[in-house]
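Dumping the structure here so I can ask a few things about it.
The values are calculated or read from the model by the stated rules, or taken from the named source; none is laboratory data. Remember, predicted model here, so these are calculated numbers, not experimental data. All Cβ positions, even for glycine, are placed from backbone atoms using ideal geometry, and neighbour counts span all protein chains on display. Note: areas computed on protein heavy atoms with side chains; ligands, DNA, RNA excluded. Shrake-Rupley method; radii C 1.70, N 1.55, O 1.52, S 1.80 Å.
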Amino acid sequence: MTGSDGRRPFVAGNWKMHKTNAEAAEFLEAFLPAAAGRPDAEIFLCAPFTALRTAVELTETSAVRVAAQNMHEAPAGAFTGEVSAPMLAELRVAGVVLGHSERREHFGESDTALQRKVPAALEAGLVPILCVGETEAEREAGETDRKLRHQIRMDLAEVPAERLADVVIAYEPIWAIGTGKTASAEQAQEAIAFVRALMGDRDADAATRLRILYGGSVNAANAPELLALPDVDGALVGGASLDPVELASIVAAAPVGGA
Ligand code: PGA
């Protein structure tokens, strides 16, 4: 048990637009034996749509679970190029990343859409991994808390209190994503404790149980310090998750949790 109130550690690798089916299979061959050493941790691999079926099939006998990186809020409809929560659930996908800053920045992902996506994911039985975070300019202007409050309030507005603890939140300062610049331990702890306090305004029990991850240039070298922070329950890992040995070291760095 750590200072994290017995919350199960949660480490997610976000492959972004990387890995064909063949590459996903090659990754899993190396990663699964390494991940087997941490049955106490929840490990998710967030694969591109095209590699989901392969990843699900190859992880079926392991504790590793597979997530998508986006979905549409409607169950079906005239939305060319989109994929829905029931479609992902049918593939036995277990989760979905929602509101990643790259989707917000490059593809117009809005808080209004996220307000519908998070409950739609939960309804389909998917674990939503909701990303929030400030830009460098917002941090410098002292706007970090305001931005986080806005995103959390908007994106979770339609989630009933009894489902809040089923959401996983990833705090990802945008200036730390893919830049090699991580938040300091103090910045990560402060922002994540703030997010937990915001959740506490909605529901005290959910705030204690909900997992909040840090994301942004996490690697095997900085993971031990970040993952040991009292409010940090895990990591959302981009670049470093492409290498099975590196991701396994990050998983190994997660303090042994409760549950
Ligand atoms: P990074 O990406 O680890 O490459 O910074 C994190 C993310 O985008 O989730």
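Between ALA137 and THR179, what length in nm is gained on full extension when 0.36 nm per residue of separation is reduced by their alpha carbon distance?
Roughly 13.6 nm would be gained on extension.
Would you mind getting me the FRET efficiency between THR20 and ASP40? Use the beta-carbon distance for r and R0 = 30 Å, nearest 0.05.
0.45
While we're looking at this one, here's another question. Grab the other residues whose beta carbon is less than 15 angstrom from that of ALA252, score K and R as +1, D and E as -1, and report the net. Provide the component values of the computation, followed by the final result.
On the way: positive: ARG38; negative: ASP40, GLU42, GLU225, ASP243, GLU246.
Overall, the nearby charge balance is -4.
Only sites in a loop by DSSP and with at most 16 other Cβ atoms within 10 Å count here; which trypsin sites (Lys or Arg not before Pro) in region 92-128 make the cut? Spell out each step's value before the answer.
Details: sites: ARG92, ARG103, ARG104, ARG116, LYS117; in loops: ARG92.
Passing sites in region 92-128 are ARG92.
Compute, for HIS18, the solvent-accessible surface of its heavy atoms (probe 1.4 Å) with the complete set of protein chains present, and express it in square angstrom to the nearest 10.
It works out to around 90 Å².
Give the relative contact order (percent, whole number) for region 1-122; include only Cα pairs under 8 Å separated by 6+ residues. Present the calculation step by step, with values, prior to reporting the outcome.
Values: 171 pairs, mean separation 26.6, N = 122.
Worked out over region 1-122, it gives 22 percent.
Tally Lys and Arg at +1 and Asp and Glu at -1 over the other residues with C-beta under 14 Å from the C-beta of LEU32: what net charge comes out?
Net charge around LEU32: -2.
I've got another one for you. Can you give me the accessible area per residue for region 43-253, using a 1.4 Å probe, in Å²?
On a per-residue basis, region 43-253 sits at 41 Å².
How do MET17, MET154, MET71 stack up against each other in accessible area, from largest to smallest, with a 1.4 angstrom probe?
MET17, MET154, MET71
Quick one: net charge of THR182's neighbours, Cβ under 12 Å, K/R +1, D/E -1?
-2
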